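Student: Take a look at this one; I'll ask things after.
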Amino acid sequence: MSKIEISNDTRVIRHRTPARISHWMLVICFFMTMFTGVAFFFPDFAWLTEILGTPQIARAVHPFTGILMFFAFIYLALLYWDHNIPEKNDIRWAKGILEVLKGNEHAVADNGKYNFGQKMLFWTLNLAMVTLLVTGIIMWRQYFSHYFSIPVLRIAILLHSLSAFMLFTGILVHMYMAFWIKGSIRGIVEGWVTVRWAKKHHPKWYREEVLEALENDLINEKNDKGGKTKVLFKGFGK
């Protein structure tokens, strides 16, 4: 039984400020790296290099934005890896994928902080990011490529291209899902979701990680104890 009545419109923290900053840094670096990479790979898109001024600047910037993108992603991966470990309950989500696509995800799965689709995307992006970093260093003409043989460079270029495609596809899916599920974007922009959203899309996360802490936060607030809350969103910087 609940210790205190909780409104479905109550705001709870979904992503804290460091995670959101890292996420948007990752987004910026992704687009800069993607645009320059596509321009190098497909001559018809060479005009994209003009975004940074000249092809020479784009070629110089590409590996550095790629490295920043990697570290921004790794920071997020370290924050959330334990929430992305597949579990038995995920089988229900996979079997009920048609219902998920119909918007009835809550009827077929008891999701934790992330559902099975998000977990698969997480590990796919981990593989893509690591491969891109390793192959990118091998291909980096200014500093490292002269240490490797031509066959190794050719394999690196192939793997780099395949991983870039995998990353690009994964990000597109991620973006589509974020727009499709109302309230998701607000969670990564402002950092909060409603109790209603949490119950519907991630009920296990709400029950096991949010509910008790939220009750305590609301009780403390009711008793005017103040202080920093654990999961109750009270506004930026609070």
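The values are calculated or read from the model by the stated rules, or taken from the named source; none is laboratory data. Just so you know, these numbers come straight off a predicted model, no measurement behind them. For neighbour counting, all protein chains shown are included, and Cβ atoms are generated from backbone atoms with ideal geometry for every residue, glycine included. Keep in mind that these areas ignore ligands, DNA and RNA; they rest on the heavy atoms of the full protein, side chains included. Shrake-Rupley method; radii C 1.70, N 1.55, O 1.52, S 1.80 Å.
Student: So for region 112-183, Kirkwood radius off the Cα pairs, Stokes-Einstein at 20 °C and 1.002 mPa s: how many µm² s⁻¹?
Tutor: Numbers: Rh = 13.7 Å.
Answer from the Stokes-Einstein relation: 157 µm²/s.
Student: Given an 8 Å cut-off on Cα distances and at least 6 residues of separation, report the relative contact order of region 102-238 as a percent.
Tutor: Details: 90 pairs, mean separation 39.2, N = 137.
Computed over region 102-238, the figure is 29 percent.
Student: Pop the C-beta distance of residue 91 and residue 180 into the FRET formula with R0 = 35 Å and round what comes out to the nearest 0.05. Could the numbers behind the result be given before it?
Tutor: Working: r = 23 Å, r/R0 = 0.65.
Result of the calculation: an efficiency of 0.95.
Student: Sorted by mean Cβ packing within 10 Å, highest first, what order do the peptides 172-180, 15-23 take?
Tutor: On the way: 172-180: 12.1, 15-23: 14.7.
For the peptides 172-180, 15-23, the packing ranking is 15-23, 172-180.
Student: Using a probe radius of 1.4 Å on heavy atoms only, what accessible surface per residue do you get for region 1-158? Whole Å² is fine. Show your work: numbers first, answer last.
Tutor: Values: 9680 Å² over 158 residues.
Per-residue value: 61 Å².
Student: Report the full-extension gain for the segment residue 54 to residue 123: residue separation times 0.36 nm, less the Cα-Cα distance, to one decimal in nm. Can you show the working numbers first?
Tutor: Values: separation 69, 0.36 × 69 = 24.84 nm, distance 3.50 nm.
Taking 0.36 nm per residue and subtracting the Cα distance, the gain is 21.3 nm.
Student: Nearest 10 degrees is fine. How inclined is helix 150-180 to the longest principal axis of the chain, computing both from alpha carbons?
Tutor: Taking the Cα atoms of the chain, the angle to 150-180 is about 30 degrees.
Student: Okay, moving on. Region 51-189: D in µm²/s via Stokes-Einstein (Kirkwood Rh, Cα pairs, 37 °C, 0.692 mPa s)? Before the final figure, lay out the partial values.
Tutor: Values: Rh = 17.3 Å.
Answer from the Stokes-Einstein relation: 190 µm²/s.
Student: If you keep only loop residues by DSSP, which chymotrypsin sites (Phe, Trp or Tyr not before Pro) in region 88-163 have at most 11 other Cβ atoms within 10 Å of their Cβ?
Tutor: 143
Student: Considering only C-alpha atoms, what is the centroid distance from region 4-36 to region 38-54, in Å?
Tutor: 29 Å
Student: What shape does region 18-125 have by the C-alpha gyration tensor, where a ≥ b ≥ c are the square roots of the eigenvalues, rounded means a/c under 1.5, and otherwise prolate means a/b greater than b/c and oblate the rest? Before the final figure, lay out the partial values.
Tutor: Details: a/c = 3.58, a/b = 2.13, b/c = 1.68.
In terms of gyration-tensor shape, prolate.
Student: With +1 on each Lys and Arg Cβ and -1 on each Asp and Glu Cβ, how big is the dipole of region 150-238 about its Cα centre, in debye rounded to the nearest 20?
Tutor: Here region 150-238 has a charge dipole of around 160 debye.
Student: For the chain, what is one quarter of the convex hull surface built on the Cα atoms, given in nm²?
Tutor: Numbers: hull surface 64.4 nm².
Averaged projected area of the chain's Cα convex hull equals 16.1 nm².
Student: Give me the angle, in degrees from 0 to 90, between the Cα long axis of helix 55-80 and the longest principal axis of the Cα atoms of the chain, rounded to the nearest 10.
Tutor: Here the helix axis deviates by roughly 30 degrees.
Student: What stretch of the chain, leaving out the sites themselves, is the longest with no GluC sites (Glu not before Pro) in a DSSP loop having at most 11 other Cβ atoms within 10 Å?
Tutor: Working: sites that count: 5, 87.
Result for the longest clean stretch: 88-238.
Student: Give the calculated FRET efficiency between residue 145 and residue 46 to the nearest 0.05, with a Förster radius of 25 Å applied to their Cβ-Cβ distance.
Tutor: On the way: r = 21 Å, r/R0 = 0.86.
Once rounded, the FRET efficiency stands at 0.70.
Student: Each residue of region 228-233 in turn: what ³J(HN,Hα) in whole Hz from Karplus with 6.51, -1.76, 1.60 and θ = phi - 60°, glycine and Pro shown as x?
Tutor: The phi angles translate into 6, 8, 7, 10, 6, 7 Hz.
Student: Right, something else. Let's see if you can work this out: charge +1 on each Lys and Arg Cβ, -1 on each Asp and Glu Cβ, no other charges. What is the dipole magnitude of the chain about its Cα centre, in debye to the nearest 20? Could the numbers behind the result be given before it?
Tutor: Working: 27 positive and 18 negative charges, 52 e Å.
Dipole magnitude for the chain comes out near 240 debye.
Student: Can you give me the long-range amide H partners of residue 14? Hydrogens built in the peptide plane at 1.01 Å from N, cutoff under 5 Å, separation of 5 or more residues or another chain.
Tutor: For residue 14, the qualifying residues are 192, 193.
Student: Solvent-accessible area per residue for region 171-235 at a 1.4 Å probe radius, Å²?
Tutor: Values: 3830 Å² over 65 residues.
Heavy-atom accessible area per residue stands at 59 Å².
Student: Next question. Are there any chymotrypsin sites (Phe, Trp or Tyr not before Pro) in region 1-81 that are in a DSSP loop and have at most 14 other Cβ atoms within 10 Å? List them by number.
Tutor: On the way: sites: 24, 30, 31, 35, 40, 41, 45, 47, 64, 70, 71, 73, 75, 80, 81; in loops: none.
Passing both the DSSP loop test and the Cβ count: no residue.
Student: Between residue 204 and residue 31, what length comes free when the chain is fully extended (0.36 nm per residue of separation minus the Cα-Cα distance, one decimal in nm)?
Tutor: Details: separation 173, 0.36 × 173 = 62.28 nm, distance 3.37 nm.
Length difference between fully extended and current span is 58.9 nm.
Student: Now a separate question. When only Cα pairs under 8 Å and 6 or more residues apart are kept, what is the percent relative contact order across the chain? Mind dumping the intermediate values first?
Tutor: Details: 239 pairs, mean separation 70.2, N = 238.
Answer for the chain is 29 percent.
Student: While we're here: Run the accessible area of the chain with a 1.4 Å probe and give the carbon-and-sulfur part as a rounded percent.
Tutor: 67 percent
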